[in-house]
Amino acid sequence: MGTTSTSRYGHVNKGVVGLWHYGKWGSLCDDYMGLNDAHVLCRSLGFKQAIRTIKDGSLGTLSASYPIWMDNLACTGNEQVLVQCDKPRWGDHNCGHYEDVAIECSEERLPQIQIVGRRGLSDRHSKRRLMWRETVRK
């Protein structure tokens, strides 16, 4: 399962998409990337919805040393997390980093959810850990 992030460049709600998979950050290719895919990514980051996908490289790209983890994502927009979307296998792509996708999410946040188990409330570092990364270069 992957963790989703964006790099900020001063904006909490927009940036280049980074995916954490097998202990390494990588990118998401912009091929066929649409608003439904961006809605799922924004929700996984705690935002209510997406405003747009950014495919022109204006927010930068990940370094060529990072893998491209995903291409041809096909979300309906109703999924809660990325792994519920139709997608090829991790690492299958025909992209270069100049195609790294960025998203802009609404500034409105989803309500915080705390996971309750038999021993009470879980801490913040539960399985739903999402991070912001600033490893993107312009």
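Every number in this text was worked out from the coordinates using simple rules, so none of it is lab data. Predicted model, so just to flag it, every value in this text is computed and none were measured. Note that we place each Cβ from the backbone using ideal geometry, even for glycine, and neighbour counts take in every protein chain shown.
Distances between placed amide hydrogens fall under 5 Å for G18 paired with S5, T6, S7, all partners being 5 or more residues away or on another chain.
Apply the a/c threshold of 1.5 to the C-alpha gyration tensor of the range 27-110 and tell me whether it is rounded, prolate or oblate. Since a/c reaches 1.5 but b/c is at least a/b, the shape of the range 27-110 is classed as oblate.
The protection proxy used here, the mean number of other Cβ atoms lying within 10 Å of each residue, ranks peptides 12-24, 44-56 as follows, highest first: 12-24, 44-56.
Simple point charges give the picture: +1 on the Cβ of Lys and Arg, -1 on the Cβ of Asp and Glu, and for the range 23-90 a dipole about the Cα centre of about 220 debye.
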